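The values are calculated or read from the model by the stated rules, or taken from the named source; none is laboratory data. Note that the structure is a prediction, hence the values are computed from the model and not measured. Quick reminder, even Gly has a Cβ in these numbers, built from the backbone with ideal geometry, and neighbours come from all protein chains shown.
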Amino acid sequence: MTTQSRRRLLQAVAAGAYTIPGLYAEALKITANLGEGPFYPDKMPLDTDNDLLVLNDGITPAAGEISYVSGRVLTKSGEPLRNGYVEIWQTDINGSYLHTGGRNTGGYDSNFQGYGRFVTDSKGQYFFRTIKPVEYTLQGAYRCPHIHFAVSKSGHRLIATQLLIKGHPANERDGLVKRARAQGDMLESVMVDFKPVPGSKLKEYTANWDIVIGKTAQELEDGTLGIGLGKPSRPKFNPSNTR
Ligand SMILES: [Fe+2]
């Protein structure tokens, strides 16, 4: 190779001409951050596992349509977030939260756990069994069905957002959805299909949702939230303190 052609090659590499097509173009779309909302449990349930249908050794399951909600937590480059601390919370069938300010007429279904947590595995996977979320009006605000999600790692909140049901007619009535769309985000990143389980006699659904956080796993290990993630809406969250 002549000096001149070597120089051209180096210039071409520097310009990106020799990168493998698609390798860097595959960056994932970061999941919209819809915030924590006002109804994170103000008192934790006695059972905080990933099965929200049954409390401890209870034999009566919560009322509602059984839903298996699972997926992965990924970085924007597609790496799994392992040991990610995934929390979910949602209302019961009556539209009541595990929060003293979030109760609807009809009270709270005492069989519903209302909140659950799961630590992601080496593939970044999480699993929950819960009920299909329902619409509600609380403190004068109407909301389409949703499940609140928060992901933390090393005691730091990385994202707090909400899973919404893809194609649900109530989405069009929801203030949060309207505001996001007015700002140009159609919220595809949080819209999730609830698919009926084939052959199930009960009304059961599966919902699969990958959550993409805006930092790499390495950056998360330094113990800071970094630029662009903003401050968590609650003080430093340490899972080990709340077990
Ligand atoms: Fe909510």
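Numbers at a glance
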| read-out | value |
| --- | --- |
| Matching residues in the range 94-103 - criterion: being within 20 Å of Ser67 (Cβ to Cβ) and surrounded by fewer than 19 Cβ atoms within 10 Å (Cβ to Cβ) | Asn94 |
| Residue within the range 117-136 that is without any contact (Cβ under 8 Å) to a residue 40 or more places away in the chain, part of a strand (DSSP E or B) and crowded, with 20+ Cβ neighbours inside 10 Å present | no |
| Cβ pairs under 6 Å, 6+ apart, first in the range 57-73 and of a type in the set (D, E, K, R), second part of a loop (DSSP other than H, G, I, E, B) and at pLDDT below 95 | Glu65/Lys203 |
| Residue in the range 55-71 that is more than 16 Å from the ligand (Cβ to nearest atom), part of a loop (DSSP other than H, G, I, E, B), of a type in the set (D, E, K, R) and at pLDDT below 95 present | yes |
| Filter result for the condition that a residue is farther than 17 Å from Pro45 by Cα, of a type in the set (Gly, Ala, Ser) and either surrounded by fewer than 23 Cβ atoms within 10 Å (Cβ to Cβ) or within 15 Å of the ligand (Cβ to nearest atom) (or both), over Gly175, Gly114, Gly84 | Gly175 |
| Evaluation of Tyr108 against (1) away from the ligand (no atom under 14 Å from the Cβ); (2) in contact with a strand residue (DSSP E or B) (Cβ under 9 Å, 6 or more places away or on another chain); (3) not acidic (Asp, Glu) (one fails), failing number | (2) |
| Checklist (1) at pLDDT below 95; (2) in contact with a helix residue (DSSP H, G or I) (Cβ under 7 Å, 6 or more places away or on another chain); (3) not acidic (Asp, Glu) applied to Tyr142, failing item | (1) |
| Condition check for Asp92: at pLDDT 95 or above, away from the ligand (no atom under 16 Å from the Cβ), within 26 Å of Arg157 (Cβ to Cβ) and among the acidic types (Asp, Glu) | no |
| Pick from the range 118-159, criterion of a type in the set (Gly, Ala, Ser) and touching a Lys or Arg at 6+ places or on another chain (Cβ under 9 Å), ranking: nearest to the ligand (Cβ to nearest atom) | Ala150 |
| Unmet requirement for Glu79, which otherwise passes all of (1) out of contact with any helix residue (DSSP H, G or I) (no Cβ under 9 Å at 6 or more places or on another chain); (2) in contact (Cβ under 8 Å) with a residue 12 or more places away in the chain | (1) |
